[in-house]
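Q: I am attaching a structure below and will ask some questions about it afterwards.
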Amino acid sequence: MEYIITTDKVNLFYGESQALKDISIDFLPNTVTALIGPSGCGKSTYLRLFNRMNDLIDNVKITGDITVEGENIYQKDTNIVELRRKVGMVFQKPNPFPKSIFENVAYGLRVNGVNDMSTLKEKVEFSLKQAALWDEVKDKLKKSAFELSGGQQQRLCIARALAIEPSIILMDEPASALDPISTAKIEELIYELKSKYTIVIVTHNLQQAGRVSDYTAFFYLGELIEKGVTKELFINPKNIKTQNYITGRFG
Amino acid sequence: MIKFLKSTFEKLIEGTLFLSSTITTLAIVLIIIFLFKEGIGTFNQTPIEDGFSLVVNKNNPVNELTANEIKNIFDQNITNWKTVGGKNDSITLFNIDNIGEFYSDSAIGENFEFLPQCISDYTENNPGAIAFVTTRYTGKGFTGKILTTTKVNISQFISQKEWFPTAQPAAQLGVLPLILGTLWVSFGAILIALPLGLATSIYMAEITSPKIRNILKPLIELLAGIPSVVYGFFGLVIIVPGIQKLFDLPVGETALAGSIVLAIMALPTIITISEDALRTTPKAMKEASLALGANKWQTIYRVIIPYSGSGITAATILGIGRAIGETMAVLMVTGNAAVIPHSFLEPVRTIPATIAAELGEAPQGGLHYKALFALGCILFIITMAINLIVGYVSSKKKYNAR
Ligand SMILES: Nc1ncnc2c1ncn2[C@@H]1O[C@H](COP(=O)(O)OP(=O)(O)OP(=O)(O)O)[C@@H](O)[C@H]1O
Ligand SMILES: [Mg+2]
């Protein structure tokens, strides 16, 4: 099977300090991979490599190879806009724009030059349905996105990411700021989205990782300690650090 | 013991703070009361100087004239009594200085003691006559009719088109050109300052490196500290001649010059406050935009500016509001013609400039003096309205949908 994302011996430095050490993981299409590990171990940093969000930070140095859909994404002539269309992202805290619900979902399309109203309407509806939010908002698309609850806002952010039809979705602790019911909805959603998208999710909630992911990678102090099929990693960790972490002895 | 001292000390500080805030509040309230008391004194006064009267033929049916009508009569814009509600009879202006042409010295009397009779006689013979005379000559022996003058009222004060408070026979107190002048200059200033200020603040908040920003920001804040006379001088020496040459005008002192100077004075406020507003945009929101494939400019235009829109509005209004009250600079460059402006290339006069220029020569307690206070009240109300708008805009929910 062909990998959709590959990373080969990736190192990342914030100035002098090294945040990622020799990380090599490959991702299969239509799978959910969970990145776990204690705070500060580099999960977000790693995740943000795939849509080049680390570019926004000054003084970042990256070595190693990273490919998305077979293309090296850290070449000089890499089209970052194209890349970000392929690789959507959902952030830890819901961060809708100060616009209407409709315009939030349409945003990615508009900035990519889609302005035809009927196309926009169609795609907004489709994305909201995919994000399991349509029924709750279909009568108030013109209302401000800030009028939604936190859980609804996060699903709106997922819909917003889906609207530009990416093939990969990165989620950085997408449910950590939400209540249990909203969390359950997001998890259900992740499960459903798997058939169409490849998902990489950072989470501190090990039960969540167990419930939603096919594969899990455990990071510790910038290093990849262990990776594998989620069930096996949780039941039968090979590394003592992994074992300590998942049994709650540190982290 | 120490505890007692400490608590006494704290009480003392508390008392001092309370006292100073009370005094400040009191002073402000007193100033406002004084302003309005003097200002309101303008109304219910006659626009004719004390000690003078307008006299006409005793059978003239006209009883009362407004300041504006009086002016038009004496400027010979109104030449028939019909226009002001009288008989169809042409108006004869009688200048008391020319009395010698009609009456001999002996008829007038050595000490002008028969002047009232002469004036009465003249108005008798010329039914359309009107004369502006001191009240001394309308006493004993006077048989003509003394006109009353409509008292100054608020609607006239605001809607009349002429500001000529020292005019004879009747002071023209129309603040409309001054209000319009103020608004034109301010509006022009917003037009200039908003794009410039916004561009600079965006540059500082989003584009430049922290290093350049750290040089630029104190520099701009320094601009706010320059006295406005210096700006006015700069405007007079550079901007006024520039405008004159550029547009080939007879004079360069125009509304445009005022707007430019005002804009420059407002820029530091606008830039610093809107930069602060722009920087409140959460990083997460910018990242979300970029992650959706938007470039930097799209992110600025579609997310950052809408997000900080209320802050930018407040910055602009505050900057201009602060600058409007700045008298000197505008006084120096606008040409100070109290006429209703029709283009930015005409001289105008603003309210603060009028007060500054005329208060010194207006006799204290007189109509002119009081009218200037009334102008102050209008300015106060305008500024107050601006502040209320700022308060409303900035308290409005930031998260409004567009
Ligand atoms: N912009 C930055 N500049 C400098 N160092 C950074 C920056 N962002 C993160 N780091 C450092 O890189 C390391 C990894 O951070 P990262 O955010 O990837 O951790 P994380 O695993 O996502 O942690 P958490 O679970 O708390 O989100 C940390 O030591 C952090 O201090
Ligand atoms: Mg993180």
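The values are calculated or read from the model by the stated rules, or taken from the named source; none is laboratory data. Predicted model, so just to flag it, every value in this text is computed and none were measured. Positions of Cβ are generated from backbone atoms using ideal geometry, with glycine treated the same way; all protein chains shown enter the neighbour counts. Surface accessibility is based on the protein's heavy atoms, side chains included, excluding ligands, DNA and RNA. Shrake-Rupley method; radii C 1.70, N 1.55, O 1.52, S 1.80 Å.
Q: Being open to solvent by 20 Å² or more (accessible area, probe 1.4 Å) and at the interface with chain A (Cβ under 9 Å from one of its Cβ atoms) is the filter here; which residues of region B:284-308 pass it?
A: B:Ala284, B:Lys286, B:Leu290, B:Asn295, B:Gln298, B:Arg302, B:Pro306
Every residue, every condition in (1) at pLDDT 85 or above; (2) open to solvent by 20 Å² or more (accessible area, probe 1.4 Å), yes or no:
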{"site": "B:Glu69", "(1), (2)": "yes, yes"}
{"site": "B:Lys82", "(1), (2)": "yes, yes"}
{"site": "B:Asp89", "(1), (2)": "yes, yes"}
{"site": "B:Asn98", "(1), (2)": "no, yes"}
{"site": "B:Cys118", "(1), (2)": "no, no"}
{"site": "B:Ile154", "(1), (2)": "yes, yes"}
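Q: Taking the conditions exactly as written (among the small types (Gly, Ala, Ser) and either within 30 Å of A:Asn51 (Cα to Cα) or out of contact with any helix residue (DSSP H, G or I) (no Cβ under 7 Å at 6 or more places or on another chain) (or both)), does B:Ala314 satisfy them or not?
A: Here the answer is no, as B:Ala314 does not meet what is asked.
Q: Take the residues of region B:173-191 that are more than 18 Å from B:Leu331 (Cβ to Cβ) and buried (at least 19 other Cβ atoms within 10 Å of the Cβ): which is farthest from the chain's Cα centre (by Cα)?
A: B:Ile190
Q: Could you figure out which of (1) away from every other protein chain (no Cβ under 14 Å); (2) assigned to a loop (DSSP other than H, G, I, E, B); (3) more than 16 Å from ligand 1 (Cβ to nearest atom); (4) within 30 Å of A:Tyr245 (Cα to Cα) isn't true of A:Pro94?
A: (1) is the only condition that A:Pro94 fails.
Q: I've got another one for you. Is it the case that some residue within region A:203-215 is within 14 Å of chain B (Cβ to nearest Cβ), open to solvent by 10 Å² or more (accessible area, probe 1.4 Å), touching a residue at least 40 places away in the same chain (Cβ under 8 Å) and among the hydroxyl-bearing types (Ser, Thr, Tyr)?
A: no
Q: Six or more apart or on different chains, Cβ under 7 Å: which pairs go from a residue in region A:67-83 that's closer than 24 Å to B:Ser289 by Cβ to one that's of a type in the set (Lys, Arg)? Could you list them?
A: A:Val68/A:Lys86; A:Glu69/A:Lys86; A:Ile73/A:Arg52; A:Ile80/A:Arg52; A:Leu83/A:Arg52
Q: On the basis of being surrounded by 21 or more Cβ atoms within 10 Å (Cβ to Cβ) and of a type in the set (Ser, Thr, Tyr), does B:Thr166 make the cut?
A: Criteria not met by B:Thr166.
Q: Determine whether region A:103-110 contains at least one residue that is part of a loop (DSSP other than H, G, I, E, B), open to solvent by 20 Å² or more (accessible area, probe 1.4 Å), at negative phi and within 10 Å of chain B (Cβ to nearest Cβ).
A: no
Q: Answer yes or no: is there a residue in region A:128-146 that is touching a residue at least 40 places away in the same chain (Cβ under 8 Å), open to solvent by 50 Å² or more (accessible area, probe 1.4 Å) and within 19 Å of A:Leu28 (Cα to Cα).
A: No, the conditions are met nowhere in region A:128-146.
Q: Say whether the condition of being within 16 Å of ligand 2 (Cβ to nearest atom), outside any helix (DSSP H, G or I) and more than 9 Å from every other protein chain (Cβ to nearest Cβ) is met by at least one residue in region A:65-87.
A: no
Q: Would region A:180-193 turn up any residue that is surrounded by 14 or more Cβ atoms within 10 Å (Cβ to Cβ), away from every other protein chain (no Cβ under 14 Å) and within 16 Å of ligand 1 (Cβ to nearest atom)?
A: No: zero hits.
Q: Still on this structure, please answer the following. Please go through region B:10-64 and give me each residue that is acidic (Asp, Glu) and either in contact (Cβ under 8 Å) with a residue 40 or more places away in the chain or not in a helix (DSSP H, G or I) (or both), ordered by number.
A: Answer for region B:10-64, where residues must be acidic (Asp, Glu) and either in contact (Cβ under 8 Å) with a residue 40 or more places away in the chain or not in a helix (DSSP H, G or I) (or both): B:Glu38, B:Glu49, B:Asp50, B:Glu64.
Q: If you check A:Ile57 against the conditions, is it near ligand 1 (Cβ under 10 Å from one of its atoms) and either away from chain B (no Cβ under 14 Å) or farther than 16 Å from A:Ala209 by Cα (or both)?
A: So A:Ile57 passes the test.
Q: May I pose another question? I'd like the full set of residues that are within 16 Å of ligand 2 (Cβ to nearest atom) and either surrounded by fewer than 18 Cβ atoms within 10 Å (Cβ to Cβ) or part of a helix (DSSP H, G or I) (or both), limited to region A:158-179.
A: A:Ser176, A:Ala177
Q: Return a yes/no flag: does region A:124-134 have any residue that is more than 24 Å from the chain's Cα centre (by Cα) and away from every other protein chain (no Cβ under 14 Å).
A: The answer is no; no qualifying residue exists.
Q: Further question: Within region A:65-81, is even one residue open to solvent by less than 40 Å² (accessible area, probe 1.4 Å) and within 16 Å of ligand 1 (Cβ to nearest atom)?
A: yes
Q: Here's another thing I want to ask about it. Can you tell me which residues in region A:180-221 are within 15 Å of ligand 2 (Cβ to nearest atom) and not in a helix (DSSP H, G or I)?
A: Across region A:180-221, the qualifying residues are A:Val200, A:Ile201, A:Val202, A:Thr203, A:His204, A:Asn205, A:Ala217, A:Phe218, A:Phe219, A:Tyr220, A:Leu221.
Q: Find all pairs meeting these conditions: Cβ atoms under 8 angstrom apart; at least six residues apart or on different chains; first residue within region B:371-396 and aromatic (Phe, Trp, Tyr); second residue open to solvent by 40 Å² or more (accessible area, probe 1.4 Å) and in a helix (DSSP H, G or I).
A: B:Phe380/B:Ile32
Q: Something else: Run down B:Ala357, B:Ala329, B:Ala315 and say which single residue is open to solvent by 40 Å² or more (accessible area, probe 1.4 Å), away from every other protein chain (no Cβ under 14 Å), assigned to a helix (DSSP H, G or I) and not hydroxyl-bearing (Ser, Thr, Tyr).
A: B:Ala357
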